[in-house]
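One structure is given here, and the rest of the page talks about it.
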Amino acid sequence: AQSVTQLGSHVSVSEGALVLLRCNYSSSVPPYLFWYVQYPNQGLQLLLKYTTGATLVKGINGFEAEFKKSETSFHLTKPSAHMSDAAEYFCAVSGGSAGGTSYGKLTFGQGTILTVHP
Amino acid sequence: NAGVTQTPKFQVLKTGQSMTLQCAQDMNHEYMSWYRQDPGMGLRLIHYSVGAGITDQGEVPNGYNVSRSTTEDFPLRLLSAAPSQTSVYFCASSRQGGKSPLHFGNGTRLTVT
């Protein structure tokens, strides 16, 4: 079975500081990995995705993530935080077992709430 | 360009009542799914469908039924509401299951008293 662990349910940074949100996954087949963002009272929006190819993935709003197979990680970073980045962030993985409809299920982490201080 | 539309946005039920949460998408996506979101637990998959007439259980299916008679619609039915079903429910669709990004509706906030 696939699973996702997000380290830290709350992360607080100052405006202009580096943002680092951690995500580790488990999957018995090559995973598809996603980061989503959720603003208050809204649904989730895709930030970026990794399927195959280049391991450094760039997304919207200046975010990027690096797929590290040896560490089973997909951490999200942004060089300089902005007040508008305050939201909840979710890492997700699909690909739990070979064959069948394993890629039909997307498993989410518990979420990390990012607070940005002026 | 509506995307994924969920109705209602808010609902209050009494224990034992039944209701249906509606979900419709206009992107011709084969894959549709229902999640519930609870604080500190992320999103948990309730049921999903890979096409009309095909549904399967997710992580937390008990107390919920689904059907998929058309590509566009994927309603979620609560058979006999319980306080433990108080949650925010999200419907999502994608072109190719877990291989492509999910498009989410804006959610239904359900309270069961």
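Quick look at the numbers
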{"item": "Pairs where the first residue, in the stretch B:9-23, is closer than 17 Å to residue B:34 by Cβ and the second is open to solvent by 40 Å² or more (accessible area, probe 1.4 Å) and at pLDDT below 95, C-beta under 8 Å, 6+ apart", "result": "B:9/B:106; B:18/B:79"}
{"item": "The stretch A:107-118 - residue that is within 12 Å of another protein chain (Cβ to nearest Cβ) and open to solvent by 10 Å² or more (accessible area, probe 1.4 Å) and, of those, modelled with the lowest pLDDT", "result": "A:107"}
{"item": "Test: residue in the stretch A:65-72 that is modelled with pLDDT of 95 or more, more than 12 Å from the chain's Cα centre (by Cα) and small (Gly, Ala, Ser)", "result": "no"}
{"item": "Those residues of the stretch A:19-46 which are under 12 Å from residue A:73 (Cβ atoms), open to solvent by 20 Å² or more (accessible area, probe 1.4 Å) and among the aliphatic types (A, V, I, L, M), in sequence order", "result": "A:20"}
{"item": "Out of B:41, B:27, B:19, B:32, sole residue that is open to solvent by 10 Å² or more (accessible area, probe 1.4 Å) and within 11 Å of another protein chain (Cβ to nearest Cβ)", "result": "B:41"}
{"item": "Residues being farther than 16 Å from residue A:69 by Cβ and within 13 Å of another protein chain (Cβ to nearest Cβ) - total across the stretch A:6-48", "result": "19"}
{"item": "Residues (surrounded by fewer than 20 Cβ atoms within 10 Å (Cβ to Cβ), closer than 14 Å to residue B:4 by Cβ and within 14 Å of chain A (Cβ to nearest Cβ)) located in the stretch B:55-99", "result": "B:95"}
{"item": "Residue among A:8, A:53, A:59 that alone is under 16 Å from the mean Cα position of the chain (by Cα) and at positive phi", "result": "A:8"}
{"item": "Test for residue A:81: is it outside any strand (DSSP E or B), in contact with an Asp or Glu (Cβ under 7 Å, 6 or more places away or on another chain) and not hydroxyl-bearing (Ser, Thr, Tyr)", "result": "yes"}
{"item": "Hits in the stretch A:73-94 (condition: within 14 Å of chain B (Cβ to nearest Cβ) and either open to solvent by 60 Å² or more (accessible area, probe 1.4 Å) or within 10 Å of the chain's Cα centre (by Cα) (or both))", "result": "A:89, A:90, A:91, A:92, A:93"}
{"item": "Candidate set from the stretch B:44-54 (those that are of a type outside the set (Phe, Trp, Tyr) and surrounded by 21 or more Cβ atoms within 10 Å (Cβ to Cβ)); member that is nearest to the other protein chains (Cβ to nearest Cβ)", "result": "B:45"}
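The values are calculated or read from the model by the stated rules, or taken from the named source; none is laboratory data. Note that the coordinates shown come from a computational prediction; the quantities given were computed from them, not determined experimentally. Methodologically, a virtual Cβ is constructed for each residue, glycine included, from the backbone with ideal geometry; neighbour enumeration extends over all protein chains shown. We work out accessible area using only protein heavy atoms, side chains counted, and drop any ligands, DNA or RNA first. Shrake-Rupley method; radii C 1.70, N 1.55, O 1.52, S 1.80 Å.
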